[in-house]
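Please read the structure below before turning to the comments.
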Amino acid sequence: MLSNVTTPQDLDERFRAELAGLVAATVSRDLDEPVREDTALTGEQARALYDAQSTSRHLDLAARWLRSFDAGYYTIGSSGHEGNAAVAAALRPTDPALLHYRSGGFYCMRGAQVAGSDPIRDVLRGVVASAKEPIAGGRHKVFGHADLHVIPTTSTIASHLPRAVGVAYALGRGKRLTPPGGGHGWPADAIVACSFGDASINHAAATAAFNTAGWCDHIGLKLPLLFVCEDNGLGISVRSPEGWVAAALSSRPGLRYYAADGCDSAATYDRAAEAAAWVRRYRRPAVLHLTAVRLMGHAGADAEMAYRSPVEIAADLARDPLVRTARLLVEAGMATPAELMTRYDEIGWEVRRIAEEVLGEPKLGSASEVTAPLAPRRPVRVSRAVGDAATHLADDDLADDLADELDDELDDDLEFTPATPAGPPLAAGEPLWAAEAGSAAKVAGAPQPSGAPQAASAPQAPGATQTEVEAAGEPDEAEEWPEPTAPEPEPSVRPVSGTPRSTGNGHPATRAAAFNGRLPERAGPLTLAQTINAALTDAMLAYPQMLVFGEDVAAKGGVYGVTKGLRDRFGGTRVFDTLLDETSILGLGLGAGLAGMLPVPEIQYLAYLHNAEDQLRGEAATMQFFSQGAFHNPMVVRVAGLAYQLGFGGHFHNDNALAVLRDIPGLVVAAPARAEDAAPMLRTCLASAIVDGSVCVFLEPIALYHTRDLHTENDNWWLSDYAPPSEWPAIHVPIGRARAYSNGPNDDLTIITFGNGVRLSLRAAARLTAEGIACRVVDLRWLSPLPVGDIIKNASDTGRVLIVDETRRSGGVGEGVIAALVDAGYVGVARRVAAVDSFVPLGPAANHVLVSEEQIVQGARSLLAR
């Protein structure tokens, strides 16, 4: 007997030898009977499992064969894990599944359950990177198919587990909040299956998912999720300590634990059916721990003999699940060894035939073909979607009358009560520093600081005075765990288009009712924070599938008051606090988006995002890439970030590191500096998420949240009126379009900036104007994709460009702007003013590393002196 199998030929020969050695039973059972006394698995089901497992085994052998002559590109196989086919048999084909890369048996069994499927061709096309592969189109080899409800995922480091929690969360709340379209048609009683390897349980993403699932169960949230751990005891060459996986999984609070021998198809089926039935009935999470073996090494190039003894390999071979399934059938008298051998060979020849067919299929032929599904941009449809939302929210006479009546009855303690009047609104090209002659003269003659940066006003709650803010100091500390609450009444929602809105928890009857009678467009000029709050309220009305969640967003209304009142208006089903874990927050959003919702999670501070970045890079941004748009996870992630907070924070509350976001293909990064831009940009992000499945990061400059003044105290030039829905189409801001302040033919200099740099640059431009230097300030607004066309035009108009970059000199946004100028053949002069390559320190020391107004002025002067 072979005891040190490492090659496909050896594994195939050993299976044939084992099968030939089986002795046919003298007594036969009917195929509709159990294969043995202690199981519910019937002979008919066992034969189907044998077919699926044989198919998976032959696909592994074919992948190694194709690789032997450089025609195949993926050799990580499922040999030894074929018992997972029994998990698929215990589930329904409409249960969404996120699969481990060794779940080939599951995929083949799921394919057999759905008429018209061809799992053999699916997998082989993935192996040869065929452009005809049905899910990734040759971009990667993944298990996935929309018709099979298998969601594609690379699954290498358990990064798909937080998403699985999110999908289950959406299914668990399906009866209370049904999104238009119902996601992918998953039934109301569907459960989510998510498989992974034993080594992955040690990864932070897995720990986050287990913890979040248990946390949800602890507070009574429904979460129909079945985790499936396929434990072969190895992470490539690193062994899982004996007993560690069982101890780690069985001790998780809130997770019901099941275990089975994953090489025994009957035992696996029984335990999987029991676990699935429990999850389906109680809508609670569970974990199924399957012990498996790994045959043929980790992948084609892995020489496992270098780290495993012949005794270990022989012990695994003795547990070969395909052999054991064959033995089940033979011992039950439901098949003979010859019949099973014939079937094994029939499947093998079918796999070989299809493998030879897909060899000649076309591969992706260009960069444009590769990137086509990555981030589709349909700006006309996005613009139309913004207009449609405005139409739904346009005030009718009844709403106007109601608002007028309530204006007389309500007091002034509302989010949108202005503290002081503001100056007149400005056109897109009108300079903020020269509106009225008196104001301009006052600004030109005002004393200016020398050296230290002129920072923005300290954060304050909507409606608060500057004195109140200074007395308030730091934001309140967050409560770490929200108190469990009684279930909310079921909301009544309306589709995005068609029928009128209905009343009920989660959706106010009218727009006026949502704003408590004080419409934001009637409240006078608003701060950035107030404007975002109003835009979120309007969006919640326009999109009943929209959810707002994160740390402190509900009960507290956000650390800076940006989500104040949203839970009161729309209920705890749609606006809720989460546990304090950014990975889980993003995973929840990814899953909810897949299920047909429009998630708007909040990351409390930019610095807190970095521990969860792979949920954006490896999961969110890749979903359309790996599924050719068959699946998408629309999401708008609100992130409070950047620096210049006075008197609070240090590095963790003044982070200016954006390079990792701009490096993610397809990710949209928006950075509004002013209230006038914030609402239109947020609407664009939401519409793009709905229309194109975009994943957007909406970066909100903390220091500008409650800033009111631009030049002098009480000038209120940083406030802006809120536009009513009827004006939204006219002020729509497309993705990738900048905004220029002062756009004259005689401008001497173009300053390109974003975020806090806009305010600093406008102040610096006022000083330069007094010196006779005409400046054009360009607010990028979109940091990814950069508004390259607007950059080139405004730079070429003056021939002198000063880039004001509040991110770090190395890896900052300014590098991208410089690269865009170089690539376009810009022949003028350019220089950068950027933050120092440093973390942002606490207190006044921050002034030494951040960009200052004085640096901008000096940079402009030196540029003009060249």
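Residue by residue through region 322-346, note down the ones that are open to solvent by less than 20 Å² (accessible area, probe 1.4 Å) and over 15 Å from Arg47 (Cβ atoms). Across region 322-346, the qualifying residue is only Val323.
Of all residues in region 669-718 being closer than 30 Å to His184 by Cβ and part of a strand (DSSP E or B), which is farthest from the chain's Cα centre (by Cα)?
So in region 669-718, the residues closer than 30 Å to His184 by Cβ come out as 669-670, 681-698.
Still in the running and part of a strand (DSSP E or B): 669-670, 695-698.
Values: Val669: 13, Ala670: 15, Val695: 6, Cys696: 9, Val697: 10, Phe698: 13 Å.
For region 669-718, the residue satisfying everything is Ala670.
Take the residues of region 817-838 that are assigned to a helix (DSSP H, G or I) and open to solvent by less than 20 Å² (accessible area, probe 1.4 Å): which is nearest to Gln858 (Cα to Cα)? Don't jump to the end; show me each part of the working.
Here is the first cut: in region 817-838, the residues assigned to a helix (DSSP H, G or I) are 817-823.
Then drop every residue that is not open to solvent by less than 20 Å² (accessible area, probe 1.4 Å), which leaves 817, 820-821.
Numbers: Val817: 20, Ala820: 24, Leu821: 22 Å.
That would be Val817.
Comparison of Ser726, Ser761 shows that the only residue that is of a type in the set (Ser, Thr, Tyr), surrounded by 20 or more Cβ atoms within 10 Å (Cβ to Cβ) and in a helix (DSSP H, G or I) is Ser761. Working only within region 63-88, note down all residues that are buried (at least 24 other Cβ atoms within 10 Å of the Cβ) and at negative phi. Ala63, Gly77, Ser78, Ser79, His81, Glu82, Gly83, Asn84, Ala85, Ala86, Val87, Ala88, listed by residue number.
Go through (1) closer than 24 Å to Arg353 by Cα; (2) open to solvent by 20 Å² or more (accessible area, probe 1.4 Å); (3) among the small types (Gly, Ala, Ser) and name the single condition Ser130 misses. Result: Ser130 fails condition (2) only. Applying the set (1) open to solvent by less than 50 Å² (accessible area, probe 1.4 Å); (2) outside any loop (DSSP other than H, G, I, E, B); (3) farther than 18 Å from Asp577 by Cα; (4) modelled with pLDDT under 95 to Cys194 leaves exactly one unmet item: (4). For region 104-122, the count of residues that are closer than 19 Å to Ala213 by Cα, touching a residue at least 12 places away in the same chain (Cβ under 8 Å) and in contact with a helix residue (DSSP H, G or I) (Cβ under 7 Å, 6 or more places away or on another chain) is zero. Restricting region 372-408 to residues that are among the charged types (D, E, K, R), in a helix (DSSP H, G or I) and modelled with pLDDT of 90 or more, the residue that is farthest from Ala509 (Cα to Cα) is Arg381. From the list Ala48, Ala40, Ala97, the one residue that fits, being at pLDDT 95 or above and open to solvent by less than 30 Å² (accessible area, probe 1.4 Å), is Ala97.
Answer yes if at least one residue in region 153-168 is among the charged types (D, E, K, R), within 30 Å of Leu249 (Cβ to Cβ) and buried (at least 24 other Cβ atoms within 10 Å of the Cβ), and no otherwise.
Kept after step one, since they are among the charged types (D, E, K, R), are these residues of region 153-168: 163.
The next check asks that each one be within 30 Å of Leu249 (Cβ to Cβ); those that pass are 163.
Cutting the leftovers down to buried (at least 24 other Cβ atoms within 10 Å of the Cβ) gives us 163.
Yes, region 153-168 has at least one match.
Can you find a residue that is hydrophobic (A, V, I, L, M, F, W, C), part of a strand (DSSP E or B) and at pLDDT 95 or above anywhere in region 127-150? Steps first, answer last, please.
If we filter region 127-150 for residues that are hydrophobic (A, V, I, L, M, F, W, C), which is where we start, we get 127-129, 131, 135-136, 142-143, 146, 148, 150.
Next cut, part of a strand (DSSP E or B) only: 150.
Still in the running and at pLDDT 95 or above: 150.
Yes, region 127-150 contains at least one residue that is hydrophobic (A, V, I, L, M, F, W, C), part of a strand (DSSP E or B) and at pLDDT 95 or above.
For region 507-526, the set of residues classified as touching a residue at least 24 places away in the same chain (Cβ under 8 Å), hydrophobic (A, V, I, L, M, F, W, C) and open to solvent by 20 Å² or more (accessible area, probe 1.4 Å) consists of Ala513 only.
Yes/no matrix, rows are residues, columns are (1) free of Cβ contacts under 8 Å to residues at least 40 places away in the same chain; (2) acidic (Asp, Glu); (3) within 20 Å of Asn656 (Cα to Cα):
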residue	(1), (2), (3)
Gly558	no, no, no
Asp568	yes, yes, no
Gly587	no, no, no
Gly591	no, no, no
Glu613	no, yes, yes
Leu616	no, no, yes
Gln628	no, no, no
Asn633	no, no, no
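One residue is enough: does region 45-63 have a residue meeting the conditions out of contact with any helix residue (DSSP H, G or I) (no Cβ under 9 Å at 6 or more places or on another chain) and either closer than 30 Å to Lys363 by Cβ or β-branched (Val, Ile, Thr) (or both)? The answer is no; no qualifying residue exists.
The values are calculated or read from the model by the stated rules, or taken from the named source; none is laboratory data. No experiment lies behind these values; they were computed from the predicted model shown. Backbone-built Cβ (ideal geometry, glycine too); neighbour counts: all protein chains shown. These area figures cover heavy atoms from the full protein model, side chains too; ligands, DNA and RNA do not enter into them. Shrake-Rupley method; radii C 1.70, N 1.55, O 1.52, S 1.80 Å.
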